[in-house]
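Right, one structure below, let's go through it.
Read-outs throughout are calculated quantities, based only on the coordinates presented, and are distinct from any laboratory measurement. Source: prediction; values computed, not measured. Every residue, glycine among them, receives a Cβ derived from its backbone with ideal geometry; neighbour counts consider all protein chains shown.
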């Protein structure tokens, strides 16, 4: 639901008092850093592995072990900060956040609470509005900070035996926590922001950002208020496993809070879990009141310094050993927004199409490939790629890399249609045939099914006369002329 | 005897550690062995130059210069016990805590205007950054052996956090325990 529809929705059933209530949404994103080893230890980072096999003595919090910071994780955080227009703190500090939970054997998490590695950034995102969802609206949300912290292990709850099984493979994996300012107003904005963030992280290679695999975890802080008045009590919504669920959870929670206030109730400051089956949020029992984390500086880690350029690295320090911001800026790849602008400017396609091309893995390359091979205009090609190709891929749940039709084959088909050898409607038919029989060439299929467009005037006249003669009472002679002039295919029967 | 001392563990000239003769070399347990020992200490002065003052140099801070004493309420004790899982045990425990806070209050006497807070003496050192390589792990067996109860290579924990029982319940629980 867009912001407008939300306001519209509440105007109908509720009294005038609540006409102007709006939702306020702030996101906390935990992105798992894509690195070979963990943040403070040398054990492997991998999604699936036998339980507790990727655990070092430090990860298991055995006494006498010490944290050693992974340079790749620092670089990932700096790259992400640069891509999101953050100020990179030349000096950042590590702290301990204390709380007890079985999947965190140390009893504390090493994080960066006082001085994180990057602050004051901005995420620019777009979403579609309008009845046909084709008007692009660009928005932005401020990023308060990006900090490095440790991930905890995994708990598997066994209600039958009344126990929890703990797997520490994930304990100690590096995370980037991105804290956004509460500037969004509904589920759709949050979903659009997260999608853009996913694309950026994937382009940088700092995080694979797959929500289903837990590489990107999003918690939403939701409250409602009337604009101009102080912010309302907020609740934290957790357990969101996809971008779609994120939008649903936020919208449900905003709605719930509005209803609570409307019936003169009070919104509790609590943590709620999203239940995907019902689409509702339910209170989480395990959180005991307000937590006091007793933050303290991490005594085993001196401050982390990152340097502006090679020149600012102090004497006696090996530049290859430290993190240099200039070096990383030079490595920044083309970000999604830049890609989209380039596509629109180079090929003259619509903005909404550029979104589809960049969102779908491999589609942009496919499209550019076809454009280079074919003689047709990019604007014609985009139609084929967005409608025919994506249509088929989506209905069969396939990725672009799994398409049975290669860019070359599609280019060939488009060439035939453009040159008038087959009509556009026939071309679509041929496309479907090619999909089913990828080993056959375009020419073969057209020949087999005799789909060549008949341009020979005499031949057309013959066909028309035959049809007219078999239906003498129905035909208008002028139609015949029109028929001959038009270059529609007659499928001979 | 000098020969015996040379056979001892070699000292680094900058090291302030006193080399001790092996007990057997001191000979019979007579008073003379110790005087020989202190004689050795004074003669090798460059190797032994203690920074620890021989007599105390500090004076306790006057009570009127300290901030008002902090009283730890039973509610605060309860909260601390819950957060840190530390058992204060009794009135003595709380008294000990209050005395410790009083002792630390002396720090308020120091003028720290214009001085940046320091949280680590290693502040001027480069934080060592490790290469992103796999160097450890694959020791599930060793780690699981440390736990009394495991299930199929998983550690076992109770379902969720068990809240610390209230003070009254705790004392009745502890009455029957070994402590």
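For this structure, a couple of remarks:
- Counting only DSSP beta bridges with both residues in chain A, the antiparallel share comes to about 95 percent.
- The label-point distance for residue B:100 and residue A:28, in a model that sets each label 7 Å from Cα toward Cβ, rounds to 2.9 nm.
- Helix axis angle, A:336-347 relative to chain A longest principal axis, alpha carbon, degrees: 20 degrees
- With Cα atoms, 0 to 90° folded angle of helix A:187-204 axis to chain A main axis: 90 degrees
- Pairs of Cα atoms nearer than 8 Å and 6+ residues apart set the relative contact order; for chain A it is 14 percent.
- The stretch A:195-233 versus the stretch A:350-416: alpha-carbon centroid distance in Å: 30 Å
- Residue B:108/residue A:122 FRET efficiency (R0 45 Å; Cβ-Cβ; nearest 0.05): 0.55
- Take the Cα of residue A:406, step 7 Å toward its Cβ, do the same at residue A:351, and the gap between the two points is 3.7 nm.
- Backbone N under 19 Å from the residue A:159 label point (7 Å along Cα→Cβ), restricted to the stretch A:223-240: A:238-240
- Note on residue A:276 and residue A:229: their simple-model spin labels are 3.6 nm apart, each label 7 Å out from Cα toward Cβ.
- Mean residue ellipticity at 222 nm, helices only, chain A: -10000 deg cm²/dmol; runs of at least 4 DSSP H residues each add -39,500 (n - 2.57), and the sum is divided by the number of residues.
- Calculated FRET value between residue B:65 and residue B:128, using beta carbons and R₀ = 56 Å, to 0.05: 0.85
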